[in-house]
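For reference, the structure is listed below as C-alpha cells.
The values are calculated or read from the model by the stated rules, or taken from the named source; none is laboratory data. All values derive from a computational prediction rather than experimental measurement. Glycine gets a Cβ as well: all are built from the backbone with ideal geometry, and neighbour counts include every protein chain shown.
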C-alpha cells in the first residue's frame, strides 16, 4: 500500500485550476514529486477555506496560514505553493497574504549509527532496505521511491545505482558489496519492475517511503538524518567534499556542507593549530 488517496479539491473551480496548474508544471519539467506536493498543498487549502476559488480573499489566506503551527520549512513550502498557484491563475494580488518565508539554516543532524543499527534489527525487510538506501547510499526518499530494477546494475568495478534526482538530474552512486547483496536479495523476493511497488505509477510514493523511515526510527530521527549520516561518514573517511557533493546530487557545495557534521575534537584541533608560537 502507499497510503490513503488525496481527498481532492473543494469544488470544480479549484479542481479545474489545479489541473491546469499541474499540466503547466509538467510542461515546465517539474518533477513528479514536486507536482504531487504542490497539488496536495492546494487541495488541502481549498478544503480548509471551503469557498469557491473566485471568492478567496487575502484575509482568508492570512487567517489560514496563521492558524497552522508549522515549522519554518513547512511554512516556506506551503507559501511557495500558494504564491505560484496564485500567479498561475492571474491573482498575483493574493500573494501579499502569504509572504515569502526565509528558509531556516539547519545544522547537520546525522543519525547515530547505534540508532540506525537498532532500527535495522527491528524493521521488516522492505523497511530495512529503505533505511539502508538512505544511510549507505545517501538517497532522498523520492529517489528511493522511484528506483527500478533497471537502475541497479554491475559495472567493471562493482554494483551501481542509477538515481533520478531533483530537477531530473541523474547520477550514479556506487554500492558497497553489503548493500548490493541486500538489494539483490530483495529483488529476488518481489515480482515487480519497481524496487518498492505501490499505487503511485506502480511504485510507493515518496511520502509513504518517508513514513516507513519515521515509523522505524525513534524520536527526531528520519530518513533525511540518515542522509546526513551518509554525507558525514563519506566526508570523514575521504576528506573529498566534491565527491560527497556528487554522491548526494547537490548543485551547490554550500548545501553539501550543511549535511556534514564536523567532530568537536577536530574543530578544537584546528582552532588550536592557529595559535601562534610564543
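Among the conditions (1) loosely packed, with under 13 Cβ neighbours inside 10 Å; (2) out of contact with any helix residue (DSSP H, G or I) (no Cβ under 7 Å at 6 or more places or on another chain), residue 115 misses just one, which is (1). Looking at region 236-260, which of the residues that are within 20 Å of residue 141 (Cβ to Cβ) and free of Cβ contacts under 8 Å to residues at least 60 places away in the same chain is surrounded by the most Cβ atoms within 10 Å (Cβ to Cβ)? Going through the qualifying residues, I end up with 244.
Name the single residue that is modelled with the highest pLDDT among those in region 9-53 being exposed (fewer than 13 other Cβ atoms within 10 Å of the Cβ) and in a loop (DSSP other than H, G, I, E, B). Filtering first and then ranking leaves 50. Taken as a whole, region 152-174 holds at least one residue that is within 20 Å of residue 113 (Cβ to Cβ) and touching a residue at least 40 places away in the same chain (Cβ under 8 Å). The sole residue among 52, 46, 31 that is touching a residue at least 60 places away in the same chain (Cβ under 8 Å) and either touching a helix residue (DSSP H, G or I) at 6+ places or on another chain (Cβ under 9 Å) or not assigned by TED's automatic domain parsing to the domain that holds residue 145 (or both) is 31.
Kindly establish whether residue 239 is within 15 Å of the chain's Cα centre (by Cα) and at pLDDT below 95. In short, no. Of the residues making up region 24-38, those that are over 16 Å from the mean Cα position of the chain (by Cα) and within 15 Å of residue 86 (Cα to Cα) are 24, 25. Identify the residue in region 194-219 that is touching a helix residue (DSSP H, G or I) at 6+ places or on another chain (Cβ under 7 Å) and in a helix (DSSP H, G or I) and, among all such residues, is surrounded by the most Cβ atoms within 10 Å (Cβ to Cβ). My answer is 209. The set of residues in region 57-99 being touching a residue at least 24 places away in the same chain (Cβ under 8 Å), under 23 Å from the mean Cα position of the chain (by Cα) and not in a helix (DSSP H, G or I) consists of 71 alone.
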